[in-house]
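This report refers to the structure that appears directly beneath it.
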Amino acid sequence: MRQLHLQITTQNGRLDKVISNQFPKLSRSRIKKLIDQNQILVNNQIEKPNYKVNNGDQIQVKLLEPKKLNLKPEKIPLDIVYEDNDVIVVNKPQGMVVHPAPGHPDHTLVNALLYHTPLSNINGTFRPGIVHRIDKDTSGLLMVAKNNNAHQSLSKQLKDKSNIRSYIALVHGNIKENGGVIDAPLGRSKKNRKMQAVVADGRQAVTHFKVLERFNRYTLVKCRLETGRTHQIRVHMKYIGHPLVGDPLYGPRKTIKGHGQFLHANTLGFKHPITNQEMLFHAPLPKIFQETLDHLRKEFSN
């Protein structure tokens, strides 16, 4: 644990603002969290963020050292759709994180893959082999590179938008159009750092959607990604007024209960990085997704 000390002399104002000005590397949100965790003391006493500092106050800030990630292979079952010496295509289950990160140090897809096979090493220590990602609660197909040559080829295809990535999504509301294109730039939300949003200065994001089936209050759509931004389909569908069913971050509170958003990467296509052969893969809907659709069809037909 590391400690920072500050004695108030000429500083004035709120405790959190004074600390933020004195230690600019600490964000206001982190300072608030430290105060809430009783890791910031004023004269050995716990104070609130809006405490007005006084001349002579002794402020102590305790900083817990972040836990180091230790990437290790783990014997976790994998749903392997295709595999050769260069690439592996897996059907990721809902609820599994793709690679280790703070808050998810292990039990990830990468941990499982490393137990099964060697992976490329050009994408950082904790993302070996990972060419593209899908969210924890999104299920479906991912292409993974076993070596650096394969990784570079697959990454270039993503950049050139020459591969195929399509998803099946269940959304709120009844979409009147049979299809459309959502072209709206995405970036980090100004209101909530954990969320993405359509922002004027964001990165270009394009989603093509096609209606597959309509129910009373829901619509089943196929979404094809032209770009691959964080939470792209989830944010774009919310942007046009049809958030994903079950989405805990972007959807309404009143929704169909599941294991997160009803979003499944069902189709993946790319050119094999070595043979240049066209590869195309499909993955069936997860059980809970299929059962929900069956229930909606039965309800709608009645």
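May I ask you to say which residue of ASN85, ASN91, ASN44 is of a type outside the set (Asp, Glu) and outside the structural domain of PRO273 (by TED's automatic domain parsing)? Give the steps one after another, and end with the answer.
Numbers: ASN85 fails: outside the structural domain of PRO273 (by TED's automatic domain parsing); ASN91 fails: outside the structural domain of PRO273 (by TED's automatic domain parsing).
Being of a type outside the set (Asp, Glu) and outside the structural domain of PRO273 (by TED's automatic domain parsing) holds for just one of ASN85, ASN91, ASN44, which is ASN44.
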Of all residues making up the range 196-211, the number that are over 14 Å from SER166 (Cβ atoms) and either in contact with a His (Cβ under 6 Å, 6 or more places away or on another chain) or surrounded by fewer than 16 Cβ atoms within 10 Å (Cβ to Cβ) (or both): 6
Residue list for the range 188-239, filter: under 14 Å from the mean Cα position of the chain (by Cα) and within 22 Å of SER155 (Cβ to Cβ): GLN196, GLY228, ARG229, THR230, HIS231, GLN232, ILE233
Counted residues, the range 131-187 - those being assigned to a helix (DSSP H, G or I) and either in contact (Cβ under 8 Å) with a residue 24 or more places away in the chain or in contact with a Lys or Arg (Cβ under 7 Å, 6 or more places away or on another chain) (or both): 10
Filtered residues of the range 239-248 (kept if outside any loop (DSSP other than H, G, I, E, B) and either surrounded by 22 or more Cβ atoms within 10 Å (Cβ to Cβ) or without any contact (Cβ under 8 Å) to a residue 12 or more places away in the chain (or both)): LEU244
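Here is a check on your reading of the model: is PRO24 assigned by TED's automatic domain parsing to the domain that holds LYS271, exposed (fewer than 12 other Cβ atoms within 10 Å of the Cβ) and closer than 22 Å to ARG2 by Cβ? Step through it out loud before you land on a result.
On the way: assigned by TED's automatic domain parsing to the domain that holds LYS271: no; exposed (fewer than 12 other Cβ atoms within 10 Å of the Cβ): yes; closer than 22 Å to ARG2 by Cβ: yes.
Criteria not met by PRO24.
The values are calculated or read from the model by the stated rules, or taken from the named source; none is laboratory data. This is a predicted model, so every value here is computed, not measured. We place every Cβ from the backbone using ideal geometry, glycine too, and count neighbours over all the protein chains shown.
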